[in-house]
1. State which residue is surrounded by the fewest Cβ atoms within 10 Å (Cβ to Cβ) when the search covers only segment 179-222 and only residues that are hydroxyl-bearing (Ser, Thr, Tyr) and either free of Cβ contacts under 8 Å to residues at least 12 places away in the same chain or not in a loop (DSSP other than H, G, I, E, B) (or both).
2. May I ask you to say which residue of Ile98, Ile64 is of a type in the set (A, V, I, L, M, F, W, C) and over 25 Å from Leu208 (Cβ atoms)?
3. Take Tyr47 and tell me if it is crowded, with 17+ Cβ neighbours inside 10 Å, under 26 Å from Ile210 (Cα atoms) and without any contact (Cβ under 8 Å) to a residue 12 or more places away in the chain.
4. Counting only residues that are touching a residue at least 60 places away in the same chain (Cβ under 8 Å), of a type outside the set (A, V, I, L, M, F, W, C) and at negative phi, how many does segment 58-112 have?
5. Please go through segment 128-142 and pick out each residue that is under 20 Å from Phe78 (Cβ atoms) and either open to solvent by 10 Å² or more (accessible area, probe 1.4 Å) or not hydrophobic (A, V, I, L, M, F, W, C) (or both).
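The values are calculated or read from the model by the stated rules, or taken from the named source; none is laboratory data. Quick caveat: nothing in here was measured; it's all calculated off a predicted structure. For neighbour counting, all protein chains shown are included, and Cβ atoms are generated from backbone atoms with ideal geometry for every residue, glycine included. What goes into the accessible areas is simple: the full protein's heavy atoms, side chains included, and nothing from ligands, DNA or RNA. Shrake-Rupley method; radii C 1.70, N 1.55, O 1.52, S 1.80 Å.
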Amino acid sequence: MQITNKKPYITYTLVAVNVLVFIIMTFSGGTTNVANLLRFGASFQPYILAGQWYRLITPMFIHIGFEHLFLNMLTLYFCGIFLEQLFGWWRFSIIYFIAGIGGNLLSTALAPTTVSAGASTAIFGMFGAFVMLGVVYRESAYFQALGRQFGILIVLNLAFALWPGTGIDILGHVGGLIGGFLAALMVGTPRLLGPNNRRYQLMGMVALIIYTTGTIWWLVKG
């Protein structure tokens, strides 16, 4: 389903910036070198608590190895095009960045010794937006099927992340999923899909505030 004919420039830009950062990192120390990851802005609790709060955003543009970049950019490209055309560029941007920050917050708060990076937090937020569509538009067989499919995809991905030795930041994924679902609920969808349920939007906003402030409190209290 394509709601608008507008080009998904935000998605294109996000992919381009991620690829550019990867190239720069490759030629300036490598993308699997921990010191270089930290130098470019990977998430690490001690640095964040020292005042480097930008590390809740920069990890979304850093990837550890080519496979990590390729899989994330492939998912971002196809899911991002759909969601940006459905929600519009500004709603999509809010969902993407709130999800990414929310995922990095949860990961940093609950895994203090982990150095993490990747767009997966924001990508799981996009998955959460798909699930939100299935929940809010229950009368639509299309959106119900879409939400169900992404629900299964989420479960499979989280189950794989629990497998020993994968090195996947499951907390970041869960945090991104929560952030993306709530952000999508809060911003609503274009009028083309019908009037938004203001009660749902208010619930999404309140829940997002509670989740964010609670996670920051847990992070800061140490």
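1. Quick first cut of segment 179-222, residues hydroxyl-bearing (Ser, Thr, Tyr) only: 189, 200, 211-213, 215.
Now drop any that are not either free of Cβ contacts under 8 Å to residues at least 12 places away in the same chain or not in a loop (DSSP other than H, G, I, E, B) (or both), which leaves 200, 211-213, 215.
Numbers: Tyr200: 15, Tyr211: 17, Thr212: 18, Thr213: 10, Thr215: 22.
By that ranking, first place goes to Thr213.
2. Working: Ile98 fails: over 25 Å from Leu208 (Cβ atoms).
Being of a type in the set (A, V, I, L, M, F, W, C) and over 25 Å from Leu208 (Cβ atoms) holds for just one of Ile98, Ile64, which is Ile64.
3. Details: crowded, with 17+ Cβ neighbours inside 10 Å: yes; under 26 Å from Ile210 (Cα atoms): yes; without any contact (Cβ under 8 Å) to a residue 12 or more places away in the chain: yes.
The answer is yes for Tyr47.
4. Qualifying residue count for the region: 15.
5. Within segment 128-142, the first condition is being under 20 Å from Phe78 (Cβ atoms), and the residues that meet it are 128-134, 142.
Gly128, Val131, Gly134, Tyr142, listed by residue number.
To keep it simple, each residue is scored yes or no on (1) more than 14 Å from the chain's Cα centre (by Cα); (2) more than 24 Å from Leu202 (Cβ to Cβ); (3) among the small types (Gly, Ala, Ser).
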{"position": "Ala111", "(1), (2), (3)": "yes, yes, yes"}
{"position": "Ala117", "(1), (2), (3)": "no, yes, yes"}
{"position": "Phe127", "(1), (2), (3)": "no, no, no"}
{"position": "Val136", "(1), (2), (3)": "yes, no, no"}
{"position": "Glu139", "(1), (2), (3)": "yes, no, no"}
{"position": "Phe160", "(1), (2), (3)": "yes, yes, no"}
{"position": "Gly167", "(1), (2), (3)": "yes, yes, yes"}
{"position": "Leu171", "(1), (2), (3)": "no, yes, no"}
{"position": "Ile178", "(1), (2), (3)": "no, no, no"}
